[in-house]
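Any read-out appearing in this document is the output of simple, stated calculations on the displayed coordinates, not a laboratory observation. The model shown is predicted, which means the values in this text are computed figures rather than measured ones. In this analysis, Cβ positions are derived from the backbone assuming ideal geometry, glycine residues included, and neighbour counts consider all displayed protein chains.
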Amino acid sequence: MLPSRKNLGVFVLVLTMLCGVLTSFTQTTDTLTMGKLKLEAPASFNARIKNSRLIVTGENHHYITLNRTVELAFLRLLHDECQVNDYVIEQGYSTGILINNYIRGDTSYRKILHCLTSYPYFLLFDSIRIFNHDLPVGKQISVHGIDIEREISAPVYLLDKLLPTVLPEDDSLLLEIETIKSLAARHYYLFDSINYFYDPEYTYEYGGRSGAIYNDRYYSYDEKPLKEILKSFKTKKKSYEMYLKGDFTEFEKIMNSIEQYLRME
């Protein structure tokens, strides 16, 4: 869910390609070093943006390096000039949480983001984290995922993190809890096995699912237990609420994102 705001609210940036502003730039290592590109918009552009609550930009899938570099520069421009601090992306709800937690300083999410995002876009999120570091908490960038989940690792990872360290008094949830932990353990093993995602020379090619993290056969093993967990959650919602307490609402949102993912399979 996006925060409710009356002023300038939401910055929607769907993998940016800022046409017309960067006519003097080409996709080279020298001109597109992450964080060094600075944009200066004309006054007429700023006036129109400042009167907007929603800003949507496009992308060109042939220019991954250009996209992520312009995104960062444009986001910094909008933040500095128009106080825009909500970044809505074309990713699932759970992936949005992972990215948001990371860019707001929780580096425990670094490895999973390495595994779930292409290297150029990991650099984008890492650069936003660095940018956020010097900002007051109330003015930091926040990320929100609004798309269908593209894979199941992120929601499984978050479900496991939300489970309390103690077992529930209601033993009817024990099987479901152990199933979530087992699924998460498999994905942790997968993350540990993917070393090439750390390679700075790794090039993401749009249009293909790259690497074991996107192996359809691997994910097919998760579908049946996830469907059973979802069925249990719907029938035992009160028990889950008593067990999870303050984390129940977040757990429920992630379960809803899993249900949407399973419908697409």
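What fraction of the Cα pairs in the stretch 68-136, stated in percent, has a spacing above 19 angstrom?
Cα-Cα pairs of the stretch 68-136 separated by over 19 Å account for 28 percent.
Which entries in the list Lys139/Lys224; Lys161/Lys234; Lys111/Lys227; Lys139/Lys161; Lys139/Lys181; Lys161/Lys231 go over 32 Å, if you measure between the two C-alpha atoms of each? Result: Lys139/Lys224; Lys139/Lys181 exceed 32 Å. So what is the relative contact order of the stretch 59-173, in percent, for Cα pairs below 8 Å that sit 6 or more residues apart? Reported relative contact order: 37 percent.
Applying 1/(1 + (r/R0)^6) with R0 = 22 Å to the Cβ-Cβ distance of Asn60 and Asp147, what FRET efficiency is obtained, to the nearest 0.05?
Efficiency, rounded to the nearest 0.05: 0.70.
The calculated FRET efficiency for the pair Leu135 and Thr165, based on their C-beta separation and a Förster distance of 30 Å, comes to about 0.35. Sorting the segments 144-150, 70-76, 176-182 by their residues' average number of neighbouring beta-carbon atoms within 10 angstrom, most packed first, yields 70-76, 144-150, 176-182. Label positions at Ser172 and Thr249, each projected 7 Å from the Cα along the C-beta direction, are separated by 2.6 nm. Spin-label model, Met242/Arg263: points 7 Å from Cα along the beta carbon direction are separated by 3.0 nm.
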